[in-house]
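Q: The structure follows.
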Amino acid sequence: MKFRNSFLPITVILLIFGHFSISNAYAYLDPGTGSIILLSIIGPLVGAGLAIKIYWQKIKMRFTK
């Protein structure tokens with residue numbers, strides 16, 4: 001219980017300090033950025049799927065033996 005009682009005030013102080021120390025970024029994300037993020041997620045999934053499809057017979061033989 002001692003840990004829980006000392007944890008809450010420290011957390012509150014850190015959250016308040018963190019809130020006031022953050023400045024605005026004024027960043028701009030154009031529509032192309034979203035497509036790059038999407039492709040970086042989909043690309044490896046498709047690559048892994050194709051690798052499994054190409055080597056499916058070898059994978060199947062390894063688990064059946």
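The values are calculated or read from the model by the stated rules, or taken from the named source; none is laboratory data. Bear in mind that the values here come from a model prediction, so they are computed numbers and not experimental data. Cβ: placed from backbone, ideal geometry, glycine included. Neighbour counts: every protein chain shown.
Q: Of everything in segment 45-64, what is of a type outside the set (A, V, I, L, M) and exposed (fewer than 10 other Cβ atoms within 10 Å of the Cβ)? Give them in sequence order.
A: Scanning segment 45-64 gives LYS53, GLN57, LYS58, ARG62, PHE63, THR64.
Q: From the list LEU39, LEU29, which residue is under 19 Å from the mean Cα position of the chain (by Cα) and modelled with pLDDT under 85? Let's see the steps before the verdict.
A: Values: LEU39 fails: modelled with pLDDT under 85.
Sole residue among the options that is under 19 Å from the mean Cα position of the chain (by Cα) and modelled with pLDDT under 85: LEU29.
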